[in-house]
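Below is one structure, written out as structure tokens, with a few remarks after it.
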Amino acid sequence: MQRELERRGAKVHCCPTVDIVSLPLSASMAKLLEQLERFDGILFSSKNGVRCFLRLFRQHARRHDLGQLRRLAAAAVGASTARLWQRCTKVAPLYPLQEKGSRALVECMARQWITEAAVAANKGDGQTALLVNGPKRWLFPSATRGGEPLSRALQQLGFIVAPLACYETKSRSVDAIDLSPFTAADVDIIVFFSPSQVRALTAALKHRGLFPLPSKTLVLSMGERTTTQIRQDGYGKTCEASISSVDGLLTTLASVGV
């Protein structure tokens, strides 16, 4: 995304605030990987989940047999996550085309694999039941925190979701985050991709006495949970991109007159 934005004339400052730390293969992880045949599909909410899961799989699988993975249906929150899984396994995941976020994926999976059926109630009145008409049992490689809302939403529809925590997100110390663009007043727009990035940058800015930011600063969010964190932390002008891509970002900026 940085290269694309620079190619289109933007001056981009990268400000890493978190580190993705893969978790070592544990006995509970190995047990889930040994039982892949129990699952109908695999679900990803980020590219980090794809990378860390494949690392664990290759550690565990003696022959690195991707055939075990290719038989699984796949679903992903965003297009970039879907493309990474497809590049690694040759399996094209289901993902929402027009929107970004876990809610959009839940709606997409519901349209694809949920049907309504009339059932008789005890009083004789007709009721509607949701039935999974497709892959029902899903493995969900994710971070140690943050995947619960997506799991709950899918479970409410009747899907069975087994979480596999394969990485954690660690905030960098406030002194390790480069805030020189902020001290030079050279920031017009901030783009956040996750709630953890928001929390880490906010802590660093407050530590240096740079928060709140100037009112002209626009904060762009990728995803509804990130937007919620931005508002909780007290940022000003905020908008949320509907698609996590350069085109989605530019479209959103154009919609607010930037």
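Taking only C-alpha pairs under 8 Å that are 6+ residues apart, what is the relative contact order of the chain in percent? Write out the running numbers ahead of the final one.
Working: 413 pairs, mean separation 50.8, N = 258.
Once divided by the residue count of the chain, the mean separation gives 20 percent.
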- Message: If I model a spin label at Ser26 and Lys170 as a point 7 Å from the Cα along the Cα→Cβ vector, what separation in nanometres do I get?
- Response: 1.6
- Note on the structure: Between Leu164 and residues 5 or more places away or on another chain, the pairs with built amide H atoms under 5 Å apart involve Phe140, Ser142
- Please work out how much length the chain gains when fully extended from Thr115 to Leu5, using 0.36 nm per residue of separation minus the C-alpha to C-alpha distance, in nm with one decimal. 35.4 nm
- Karplus-derived 3J(HN,Hα), 6.51/-1.76/1.60, for each residue of the range 74-89, Hz, glycine and proline x: 9, 9, 9, 5, x, 5, 5, 5, 4, 5, 5, 4, 5, 5, 7, 10
- Name every cysteine in the chain that ends up alone, with no second cysteine's Cβ under 4.7 Å, or say none. Cys14, Cys15, Cys88, Cys108, Cys239
- Query: Semi-axes of the equivalent ellipsoid of the range 20-170: what are they in whole Å, largest first, if each equals the square root of 5 times a C-alpha gyration tensor eigenvalue?
  - Reply: 29, 17, 15
- Sorted by chain and then number, the residues having a modelled amide H within less than 5 Å of the amide H of Val191, at least 5 places away or on another chain, are Leu220
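Any chance you could list the semi-axes, whole Å, largest first, of the equivalent ellipsoid that the Cα gyration tensor gives for the chain, using √(5λ)?
On the way: eigenvalues 256, 111, 60 Å².
They are 36, 24, 17 Å, listed largest first.
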- Message: Give me, ordered by chain and number, the residues 5 or more places off Leu23 or on other chains with an amide H under 5 Å from its own placed amide H.
- Response: Tyr167, Glu168
- Task: Would you kindly derive the ³J(HN,Hα) couplings of the range 157-170 from the backbone phi angles with the Karplus curve 6.51 cos²θ - 1.76 cosθ + 1.60 (θ = phi - 60°), listing them in order in whole Hz, with x for Gly and Pro?
- Result: 7, x, 6, 9, 10, 10, x, 10, 6, 10, 7, 10, 9, 10
- Task: Tell me what the chain gives for mean residue ellipticity at 222 nm when only DSSP H runs of n ≥ 4 count, each as -39,500 (n - 2.57), the sum divided by the residue total, rounded to 500 deg cm²/dmol.
- Result: -11000 deg cm²/dmol
- Charge dipole magnitude, Cβ of K and R +1, D and E -1 - the chain, Cα centre, debye nearest 20: 620
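When the Kirkwood hydrodynamic radius is evaluated over all pairs of different C-alpha atoms of the range 137-216, what value in angstrom, to one decimal, is obtained? Mind showing how you got there, number by number?
Numbers: mean 1/r = 0.0657 Å⁻¹.
Result for the range 137-216, one decimal place: 15.2 Å.
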- Where does helix 246-255 land angle-wise versus the long Cα axis of the chain, in degrees 0 to 90, nearest 10? 60
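Please report Glu107, Glu148 as a ranked list, fewest other C-beta atoms within 10 angstrom at the top and most at the bottom. The partial results should precede the final answer.
Working: Glu107 16, Glu148 10.
Least to most surrounded, the residues fall as Glu148, Glu107.
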- Query: Considering the chain as a Gaussian network with a 10 Å cut-off on Cα pairs, which listed residue, Met222, Met29, Met109, attains the greatest mean-square fluctuation?
  - Reply: Met29
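Computed from the coordinates by the stated procedures, all read-outs in this text should not be read as laboratory data. As the structure is a prediction and not an experimental result, all values here were calculated from the model. So basically every Cβ, Gly included, is an ideal-geometry build from the backbone, and we count neighbours across all protein chains shown.
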